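Novice: A single structure is presented below for examination.
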Amino acid sequence: MNGDKNLYNLLNELDIQFEYIEHPPAPTIEIARQYWAGHNAQHCKNLFFRNHKGNKHYLVILDCECDMDIHSIEKMLHQGKLSFASEKRMMKYLGVTPGSVTPFGLIKDTEHHVHVFLDNNLQKASRISFHPCINTASLIISKEDFIRFLDYTKNAYEWLELY
């Protein structure tokens, strides 16, 4: 399986079942969409931001069909001016490279630095999908198991009406 072996070990320890889909590199939703055909899951867009001082980082998880710009997200999150986090910050806090941002990277954030904002619309989904820390695969898990995963990481998260 492609991806972080520590992630797969943790999912097994937490008794989280997942469906594994291997595919060519899919760094964007547009590319990944073709590999999701026939899989019953809500696919997600994951955006990693930093505040203007660079001392706070946010992972925003949206329905993949959502088109939001950074200014709209700034207004909704009330966190001040945001910018996309650099590749160096992605690696430091999530252990991922651009095109592979995923909440599964939170296992690398042992200091629980990253705050997570979740699109309220995802609460309606029964199954959701994310990259397993690399963009050559996707994992589908139940929403309930995803919440258990988030609780395990101890990163703060909140559900918001993002659009």
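The values are calculated or read from the model by the stated rules, or taken from the named source; none is laboratory data. Treat the numbers as computed from the prediction; the structure is a model and nothing was measured. Quick reminder, even Gly has a Cβ in these numbers, built from the backbone with ideal geometry, and neighbours come from all protein chains shown. Surface accessibility is based on the protein's heavy atoms, side chains included, excluding ligands, DNA and RNA. Shrake-Rupley method; radii C 1.70, N 1.55, O 1.52, S 1.80 Å.
Novice: So Asp69 clears everything in (1) surrounded by 13 or more Cβ atoms within 10 Å (Cβ to Cβ); (2) modelled with pLDDT under 95; (3) not hydroxyl-bearing (Ser, Thr, Tyr) except one condition, right? Which one?
Specialist: (1)
Novice: I would also like to ask the following. Restricting to segment 122-163, count the residues that are hydroxyl-bearing (Ser, Thr, Tyr), closer than 20 Å to Ile21 by Cα and open to solvent by less than 20 Å² (accessible area, probe 1.4 Å). I'd like the intermediate steps shown before the answer.
Specialist: Quick first cut of segment 122-163, residues hydroxyl-bearing (Ser, Thr, Tyr) only: 126, 129, 136, 138, 142, 152-153, 157, 163.
Okay, now just the ones that are also closer than 20 Å to Ile21 by Cα, so 126, 129, 136, 138, 142.
From what is left, the residues that are open to solvent by less than 20 Å² (accessible area, probe 1.4 Å) are 129, 138.
Summing the residues that are hydroxyl-bearing (Ser, Thr, Tyr), closer than 20 Å to Ile21 by Cα and open to solvent by less than 20 Å² (accessible area, probe 1.4 Å) in segment 122-163 gives 2.
Novice: Let me ask you something else. Output the number of residues of segment 6-40 satisfying the condition of being modelled with pLDDT under 95, of a type in the set (Asp, Glu) and out of contact with any strand residue (DSSP E or B) (no Cβ under 7 Å at 6 or more places or on another chain).
Specialist: 1
Novice: Met76 versus (1) closer than 16 Å to Val60 by Cβ; (2) open to solvent by less than 20 Å² (accessible area, probe 1.4 Å): which is the lone unmet condition?
Specialist: (2)
Novice: Here's a follow-up. Can you give me the number of residues within segment 1-25 that are in a strand (DSSP E or B) and farther than 18 Å from Val101 by Cβ? Working first, answer last.
Specialist: Going residue by residue through segment 1-25, those that are in a strand (DSSP E or B) are 19-22.
Filter again for farther than 18 Å from Val101 by Cβ, leaving 19-20, 22.
The qualifying residues number 3.
Novice: Please specify each residue of segment 27-78 satisfying the condition of being hydrophobic (A, V, I, L, M, F, W, C), farther than 22 Å from Ser142 by Cα and not in a strand (DSSP E or B). Give the steps one after another, and end with the answer.
Specialist: Here is the first cut: in segment 27-78, the residues hydrophobic (A, V, I, L, M, F, W, C) are 29, 31-32, 36-37, 41, 44, 47-49, 59-62, 64, 66, 68, 70, 73, 76-77.
Add one more test, that the residue is farther than 22 Å from Ser142 by Cα, and what stays is 31, 48-49, 68, 70, 73, 76-77.
Answer for segment 27-78, where residues must be hydrophobic (A, V, I, L, M, F, W, C), farther than 22 Å from Ser142 by Cα and not in a strand (DSSP E or B): Ile31, Met68, Ile70, Ile73, Met76, Leu77.
Novice: Specify which of the listed residues (Ile128, Ile134, Ile140) is out of contact with any Leu (no Cβ under 8 Å at 6 or more places or on another chain), outside any loop (DSSP other than H, G, I, E, B) and among the aliphatic types (A, V, I, L, M). Don't jump to the end; show me each part of the working.
Specialist: On the way: Ile128 fails: out of contact with any Leu (no Cβ under 8 Å at 6 or more places or on another chain); Ile134 fails: outside any loop (DSSP other than H, G, I, E, B).
Just a single option satisfies the conditions, and that option is Ile140.
Novice: Please work out which one of (1) out of contact with any Pro (no Cβ under 7 Å at 6 or more places or on another chain); (2) open to solvent by less than 50 Å² (accessible area, probe 1.4 Å) is the condition Leu7 fails and give its number.
Specialist: Failing condition for Leu7: (1).
Novice: Take the residues in segment 22-60 that are of a type in the set (Lys, Arg) and surrounded by fewer than 17 Cβ atoms within 10 Å (Cβ to Cβ), then tell me which one is nearest to Met91 (Cα to Cα). Give the derivation first.
Specialist: Start the filter on segment 22-60 by keeping residues that are of a type in the set (Lys, Arg), which leaves 33, 45, 50, 53, 56.
Remaining after also requiring surrounded by fewer than 17 Cβ atoms within 10 Å (Cβ to Cβ): 33, 53, 56.
Details: Arg33: 25, Lys53: 18, Lys56: 15 Å.
Ranking the candidates gives Lys56 first.
Novice: Please go through segment 96-121 and pick out each residue that is touching a residue at least 60 places away in the same chain (Cβ under 8 Å), surrounded by 19 or more Cβ atoms within 10 Å (Cβ to Cβ) and part of a loop (DSSP other than H, G, I, E, B).
Specialist: Ser100
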